[in-house]
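The structure under discussion appears below in the form of structure tokens.
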Amino acid sequence: MHLLLILGALLAAYLLGSIPTALWVGRRFYGLDVREHGSGNAGATNTFRVLGKKPGSFVLVVDALKGFVAAYVLPVWLVSQGAIAPEHEVYYRLACGVLAVVGHIYPVFAQFRGGKGVATILGMMLGVAPATVGVCLLIFLAVLLTTRYVSLSSMTAGVSFALLQLLPQFRPPQPFLIGVGFVLAALLIYTHRANIGRLRAGTESRVPMPWDKK
């Protein structure tokens with residue numbers, strides 16, 4: 001019975017991550033597939049670029065919630081059901097969170113063409129290391145306000161998360177989490193490889209700020 005609960009939670013994490021928020025919002029309310037416009041990505045950043053601030057904000061929040069629910073709520077539920085021991089919860093937080101990220105990048109509900117996983121990784125790590133994520137959010141905003149590149153801000157925040165865990169103030173109680181941080185940083189860089197090419201060529205799109213003149 002416990003094995004079935006665990007397998008069900010892992011499957012639920014992947015399916016939760018597979019919800020193609022940007023795709024469904026674009027099709028339902030705007031009659032278009034966001035993957036056919038802008039950067040061709042089914043994520044929050046491209047939704048901001050193609051559809052605007054309100055749908056972009058909605059997609060960002062929902063995609064982050066996917067990662068948080070998978071990494072935090074599902075493992076807590078497994079503990080409450082007696083399926084896993086409390087001391088093993090952190091392992092299932094990571095497993096469920098990673099499956100949600102994989103689902104976001106390769107969603108079964110959208111022909112396995114999803115987003116880059118930034119918002120979902122954010123939600124996942126909020127469920128695992130909230131203090132470190134808080135600092136990374138500040139780093140993300142600082143880079144974004146300075147450069148206006150979401151891709152560069154995301155990669156910088158991801159690498160910062162991995163490096164911050166090496167400091168005593170942010171060092172996790174489980175040493176293997178440091179390795180997980182570097183794996184996630186590498187994943188972010190891998191999913192942004194096209195953006196890196198555009199950044200080097202000077203053709204990457206910048207995000208307009210609310211105070212910019214029209």
Placing each pseudo-label 7 Å from Cα in the direction of the beta carbon, LEU145 and GLN174 end up separated by a distance in nanometres of 3.5
Helix 176-191: inclination vs the chain longest Cα principal axis, degrees, rounded to 10, gives 30
Expressed in square angstrom to the nearest 10, the accessible area of LYS53 with a 1.4 Å probe stands at 130
The answer for the longest stretch of the chain without any exposed chymotrypsin sites (Phe, Trp or Tyr not before Pro) (DSSP loop, at most 14 further Cβ atoms within 10 Å) is 1-111
Label model pair LEU166, ILE189: point-to-point distance (7 angstrom along the Cα→beta-carbon line) in nm is 1.2
Both in Å, the radius of gyration and Dmax of the C-alpha trace of the range 127-214 are 14.6, 50
By the Kirkwood definition, with r running over pairs of different Cα atoms, the range 60-132 has a hydrodynamic radius in Å of 12.1
At R0 = 45 Å the Cβ-Cβ FRET efficiency linking HIS2 and ALA131, nearest 0.05, sits at 0.90
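Please compute the contact order of the range 1-111 in relative form: average sequence separation of alpha-carbon pairs under 8 Å and at least six residues apart, divided by the residue count, as a percent.
Value for the range 1-111: 41 percent.
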Over its alpha-carbon atoms, the range 37-78 yields an Rg and a Dmax in Å of 13.0, 40
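The values are calculated or read from the model by the stated rules, or taken from the named source; none is laboratory data. Just so it is clear, the model here is predicted, and its values are computed rather than measured. As a convention, Cβ positions derive from the backbone with ideal geometry for all residues, glycine included, and neighbour counts pool all protein chains shown. Surface accessibility is based on the protein's heavy atoms, side chains included, excluding ligands, DNA and RNA. Shrake-Rupley method; radii C 1.70, N 1.55, O 1.52, S 1.80 Å.
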